[in-house]
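Engineer: My structure is below; once you've seen it, I'll send some questions.
The values are calculated or read from the model by the stated rules, or taken from the named source; none is laboratory data. These numbers come from a predicted model, not from an experiment. Cβ: placed from backbone, ideal geometry, glycine included. Neighbour counts: every protein chain shown. Each accessible area value is taken on the protein alone, full model and side chains, heavy atoms only, with ligands, DNA and RNA left out. Shrake-Rupley method; radii C 1.70, N 1.55, O 1.52, S 1.80 Å.
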Amino acid sequence: MASAAPEPAPDARFQLLGVVAPRRGTGASTGLALISVDGKPARAWGVGREVEPGLRLLTVGHRQVALGAGPGQPSVTLALLPLAEAQRGR
């Protein structure tokens, strides 16, 4: 009996490539995230948009986003990779 290949972790299917975060104090209901799903070309998603069936972009922060079924129900958190020291602004 052959064993099935294990399914990847839910967050392994998604790669966060960039964010346009809201200004501080404007709330988390705005913003865009550039997300690649299953290695496909990245697309820009707005808060509230469905990234795939049953999974919406819930919040956009300055370096991370939350995906989930609905408000207050994040199931996946994605973060941008840390910047190399030479790339940080001063």
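Engineer: I'm trying to understand the selection: among the residues of the stretch 40-50, which are farther than 16 Å from VAL20 by Cβ and touching a residue at least 12 places away in the same chain (Cβ under 8 Å)?
Structural biologist: Initially, the stretch 40-50 is screened for residues farther than 16 Å from VAL20 by Cβ, giving 40-41, 50.
The answer is none; no residue qualifies.
Engineer: Shifting gears a bit: Filter the stretch 55-82 down to the residues that are open to solvent by 90 Å² or more (accessible area, probe 1.4 Å) and either without any contact (Cβ under 8 Å) to a residue 24 or more places away in the chain or assigned to a loop (DSSP other than H, G, I, E, B) (or both) and list them by number.
Structural biologist: Listed by number, the residues that qualify are ARG56, HIS62, ARG63, PRO71, GLN73, LEU81, PRO82.
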